[in-house]
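The values are calculated or read from the model by the stated rules, or taken from the named source; none is laboratory data. The structure displayed is predicted, hence computed values, not measured ones. Glycine also receives a Cβ, built like all others from the backbone with ideal geometry; neighbour counts cover every protein chain displayed.
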Amino acid sequence: MHLVRPLVLASKSPRRISLLRQIGFDPIVIEADVPEDFRDDETPVENALRLALKKARAIEPSVKDAIIVGADTIVVLDGQLLGKPENTQDAHRMLRMLSGRTHTVITGFALLDVPTRKWTTEFEQTRVTFRELPDDEIAEYVSGGSPMDKAGAYGIQDDYGAVFVTRIEGCFYNVVGFPLAKFYSTLKQFQAQLTNETH
């Protein structure tokens, strides 16, 4: 896809960077320092979309001619929202909760065109089922440090995290951290609107 402007990713997530590169984009990376403040009066999808747009807007003042991409991934189990674990105990707690259960991974993303200030948001959700996880496996995984920067305290792409998952329904890349197919088609549409409006 030909980009009408450079892409700026409002995240230092190595997974999101590598996924965007996988489909031919090489985004400029500027980290957005936005706390994950989940609101009880919003659905999980609304929370993810609000945080994604907030991240894009947070770096807008430092960007000139570009489309900013903000994203936020949330794990939902029985209506409870799980973001990144606060510490190793929190990671243990989350993985014990997910053990033997099916949860939903929601990624909201925002596209913000800096010159026109136009924006759009979209989301993807995927259902993921874990096998029963013995405590020693959880302890081994957490001690490796991998869960600490991931929603729900696991990464499906990790050597070890991959063996937790028995079933996945929906977009695999969404679980890794960025729904590539949904993002690609949304960006294509968004660019088409921008091009039509400037002609």
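Hey, can you tell me all the residues within region 65-99 that are of a type in the set (Lys, Arg) and under 11 Å from Ala151 (Cβ atoms)?
Listed by number, the list holds a single entry, Lys84.
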Hits in region 54-68 (condition: over 22 Å from the mean Cα position of the chain (by Cα) and of a type in the set (Asp, Glu)): Asp65
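Can you name the residue in region 10-49 that is of a type in the set (Val, Ile, Thr) and outside any helix (DSSP H, G or I) and, of all such residues, is surrounded by the fewest Cβ atoms within 10 Å (Cβ to Cβ)? Full working, then the answer.
Restricting attention to region 10-49, the residues satisfying the condition of being of a type in the set (Val, Ile, Thr) are 17, 23, 28-30, 34, 43, 45.
From the residues that got through so far, the ones that are outside any helix (DSSP H, G or I) too are 23, 28-30, 34, 43.
On the way: Ile23: 14, Ile28: 11, Val29: 16, Ile30: 16, Val34: 19, Thr43: 13.
Here the residue is Ile28.
Restricting to region 160-185, count the residues that are within 20 Å of Lys84 (Cβ to Cβ) and either out of contact with any helix residue (DSSP H, G or I) (no Cβ under 7 Å at 6 or more places or on another chain) or of a type in the set (Asp, Glu) (or both). Working first, answer last.
Taking region 160-185 first, the residues within 20 Å of Lys84 (Cβ to Cβ) are 160-162, 164-165, 173-179.
Still in the running and either out of contact with any helix residue (DSSP H, G or I) (no Cβ under 7 Å at 6 or more places or on another chain) or of a type in the set (Asp, Glu) (or both): 162, 164-165, 174-175.
So the count comes out to 5.
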Any hit, region 80-102, residues being among the basic types (Lys, Arg), in contact with a strand residue (DSSP E or B) (Cβ under 7 Å, 6 or more places away or on another chain) and within 18 Å of Ile156 (Cα to Cα): yes
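Quick grid of which residues meet (1) in contact with a Ser or Thr (Cβ under 6 Å, 6 or more places away or on another chain); (2) charged (D, E, K, R); (3) at pLDDT below 95:
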site: Lys54; (1), (2), (3): no, yes, no
site: Val69; (1), (2), (3): no, no, no
site: Leu82; (1), (2), (3): no, no, yes
site: His103; (1), (2), (3): no, no, no
site: Asp113; (1), (2), (3): no, yes, no
site: Trp119; (1), (2), (3): no, no, no
site: Glu132; (1), (2), (3): yes, yes, no
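Which one of these is within 22 Å of Asn47 (Cβ to Cβ) and of a type outside the set (S, T, N, Q): Glu132, Glu124, Glu140?
Details: Glu132 fails: within 22 Å of Asn47 (Cβ to Cβ); Glu140 fails: within 22 Å of Asn47 (Cβ to Cβ).
Every option except Glu124 fails the conditions.
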Residue ranges of helices (runs of 4 or more DSSP H) in region 103-199 with at least 1 members in contact (Cβ under 8 Å) with a residue 60 or more places away in the chain and surrounded by fewer than 17 Cβ atoms within 10 Å (Cβ to Cβ): 180-198
